[in-house]
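The values are calculated or read from the model by the stated rules, or taken from the named source; none is laboratory data. Just so it is clear, the model here is predicted, and its values are computed rather than measured. All Cβ positions, even for glycine, are placed from backbone atoms using ideal geometry, and neighbour counts span all protein chains on display. Accessible surface is based on the protein model in full, side chains and every heavy atom, while ligands, DNA and RNA are left aside. Shrake-Rupley method; radii C 1.70, N 1.55, O 1.52, S 1.80 Å.
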Amino acid sequence: MKDTNKKWAFIFIAANLVLFLVFFAWPAILGVYYSLTEYNGNVATFIGLENYINLFQDSSFYKAMSRTFLYTLIGVPFVYVTSLFVSVMLTSKHTKGKNVAKVIFFFPWLVSPIVVGVLWRWMFGESFGFVNYMIQLIGGDPIPWSSNGNFAFLVVLFATAWGGTAFNMLIFMGALISIPKSLYEAADVDGGSGWQKFLHITLPSIRSTSFLVILLAVFNLMKEFPMVQSLTNGGPGTDTTFIVQYIYETGFDQMKVGYASAASMVLFVILLVFSLIQFKFAKGGRVDE
Amino acid sequence: MNSKLTDRFSTVMLTTALFIVAFMYLFPILWLLLSSLKPGSELFSYPLTILPETPTVDGYAYSWSTMQFIKYFINTLIVAVITTLLTVIASATCGFALAKYNYKWLNVFLICMLATTMLPTEVIMTPTFSVILELGLYDSLSGLIIPSINTATGIFMFRQYFMTVPNDLLESARIDGAHEGKIFFQLMLPIAKPVVITLAIFSFQWRWNDYIWPLIVLSDPNKYTVQIALRSLIGADNIDWVLLLSSSIISLVPMIIIFIVFQRYIMDTGATSGLKG
């Protein structure tokens, strides 16, 4: 009996086990090996840590990496605040027409990152975009959204917040709905203002959910690629080139596979640190909810 | 009385604020849609008008005849449907095993699956490409399908769900003489219907909107998925906006249909919300 169960357990996991070994474990080992070689797709020559040494002297890697950090650092609060704001509004007892609004805010989830890029590129076109047109209508000067690196970066952030709201909204709303009503009623008796209630009841009650949202956002922003590729294609120049695009370009366009693998390993170590934090808090979150 | 009045006041204010923000969220897509109904000459003519002066679907006709959408849709649909089907089955069986059997090696495997969420595909894309080449999966739709079947999110969703199913239910079925395969397919999978539907919707959305895999694996335009086909328009030196705008809208249609059909399930995914796959 026990042995047949063992056989079945193995059958049940077999597909995922094979896929895991072939498309995850093996590439991961291969990636470590490639990162120690000079490899252009044909012959891999072992060169030790040279790729890593070169990486840290490579200003374009350095820039892509620090730009990704900056993007994550600004993008996370941006995404967090916008999605929390929307979620609070959608669960407030003071708002009407929530179902219609929910569908609207959910809509970006349907839109692929490529189309999100197209969308914002179209809105923020320099000479024909809607945003510059409005700015000119109220008497301002058109803003060089795509030719100035800082502005392009800003547009990427808008697109990020727009595209990220729906997903976080689903997570937040579940948490917000489960806050006991009695807490708010008690605060009402004490005459607390809406803002005080938000600060002293809502925020502490969703603390673990906030951690989850923040860490998932860190993860997703660190890996940003498709949306930015269709929005700015990394430009102007390389002003919005993030690390995954850098890896893609060195690995697939320039065929410097070993070098790209080394860059991947650096990214991996960074993501690993965030993952470990995430798992630590995710566990804590499950206990107190 | 006074507090009732403030209540009504804040309801009006907040509802107004909510819909202003909602409109701002909707506007970019609305603007894209309205623009796609403008003739090319009107797209760049100042002053801009919100509504097309001479609305036309010429852009769509042009895009439909230029882009081989039927081909891209069929390719993407094949990938999305087959991957989703296989993902659901593999994740359900694997999640069941991880939830209901107690072997050390299963725990080891669980940790391995956790590791896949730590090392996302983007990080190992160059070596995975070598594996794809070695296996002869390059430039084929199966090269998109096979690696995408394995998702930790799906496995965890099923594992969490099956853990809540009482063991007594399994035991009594075993006493009745059912073997494990039968128990799984006739008893467990039907109970897990909500998870099946949720993961299926998620998986379909992931695969429909997938970009990195198709970008790496495909080179033959006949095998392009919708997203890669769109990308080929953006990569052009001079963007043909008429073509790009209407093509973008066309690419959204299948997801919108899925959304309308499964809206109830999609909006209630609070319990399973979580990771990307």
* **Rg and Dmax of region A:157-289, Cα atoms only, in Å** => 20.2, 67
* To do: Pairs of Cα atoms under 8 Å, at least six residues apart: use those to get the relative contact order of region B:1-87, whole percent.
  => 20 percent
* In whole angstrom, note down how far apart the Cα centers of region B:225-263 and region B:134-167 are. => 26 Å
* **Hull shadow area, averaged, chain B [alpha-carbon convex hull, nm²]** => 23.0 nm²
* Cα atoms only, region B:76-120: Rg and Dmax in Å? -> 13.1, 39
* Structure fact -> Loop-resident GluC sites (Glu not before Pro) in region A:29-138 with no more than 16 other Cβ atoms inside 10 Å, DSSP not H/G/I/E/B, are A:GLU126
* Note every residue of region A:138-179 with a reduction of at least 20 square angstrom in accessible area, all protein chains present versus the isolated chain, computed with a 1.4 Å probe, or write none. => A:TRP162, A:PHE167, A:LEU170, A:ILE171
* To do: Tabulate in residue order the Karplus-calculated ³J(HN,Hα) for region B:205-220, using 6.51 cos²θ - 1.76 cosθ + 1.60 with θ = phi - 60°, rounded to whole Hz; enter x for Gly and Pro.
  => 5, 4, 6, 5, 8, 4, 10, 5, 4, x, 4, 7, 7, 9, 10, 7
* Of every Cα-Cα pair in region A:142-232, the percent that sits beyond 14 Å -> 73 percent
* Taking Cα centroids, how far is region A:219-278 from region B:1-63 in Å? -> 34 Å
* To do: May I ask for the Kirkwood hydrodynamic radius of region B:158-252, worked out over all distinct Cα pairs and given in angstroms to one decimal?
  => 17.2 Å
* To do: Quick one: angle between helix B:2-36 and the longest Cα principal axis of chain B, in degrees between 0 and 90, rounded to 10, please.
  => 80 degrees
* Kirkwood hydrodynamic radius (C-alpha pairs) into Stokes-Einstein, the protein assembly as shown, 20 °C and 1.002 mPa s, D in µm²/s -> 84 µm²/s
* Within 10 Å of each Cβ in peptide A:99-105, how many partner chain Cβ atoms are there on average? Round it to a whole number, please. => 5
* Which whole-number value in Å² is the accessible area per residue of the protein assembly as shown, probe 1.4 Å? -> 45 Å²
* To do: Can you grab the distance from the C-alpha centre of region A:106-155 to the C-alpha centre of region B:71-117, Å, no decimals?
  => 39 Å
* Structure fact -> The base-10 log of I(q)/I(0) that the Debye equation returns for chain A at q = 0.08, 0.11, 0.12 Å⁻¹, one scatterer per C-alpha, is -0.49, -0.86, -0.97
* Structure fact -> The answer for the per residue Cα convex hull volume of region A:30-162, in Å³, is 194 Å³
* Calculate the radius of gyration of the Cα atoms of region B:1-89 to one decimal place, then report Dmax, the largest Cα-Cα distance, as a whole number, both in Å. => 22.3, 65
* Asked: Taking only C-alpha pairs under 8 Å that are 6+ residues apart, what is the relative contact order of region B:105-256 in percent?
  -> 27 percent
* Asked: How large is the convex hull of the Cα atoms of region A:189-257 per residue, expressed in Å³ as a whole number?
  -> 119 Å³
* Asked: Taking Cα pairs under 8 Å and at least six residues apart, what relative contact order does chain B come out at, in percent?
  -> 29 percent
* Asked: Which pairs in the list A:LYS102/B:LYS38; B:LYS100/B:LYS182; A:LYS96/A:LYS181; A:LYS223/B:LYS223 are over 22 Å apart, alpha-carbon to alpha-carbon?
  -> A:LYS102/B:LYS38; A:LYS223/B:LYS223
* What are the ³J(HN,Hα) values, in whole Hz, obtained from phi via the Karplus relation 6.51 cos²θ - 1.76 cosθ + 1.60 with θ = phi - 60°, for each residue of region A:54-71 in sequence order, with x given for Gly and Pro? -> 5, 4, 6, 9, 8, 5, 6, 5, 4, 5, 4, 5, 5, 5, 5, 4, 4, 4
* Once phi is turned into θ = phi - 60°, what whole-Hz ³J(HN,Hα) does the Karplus curve with 6.51, -1.76 and 1.60 give for every residue of region A:87-92, x standing for Gly and Pro? -> 5, 5, 4, 6, 10, 5
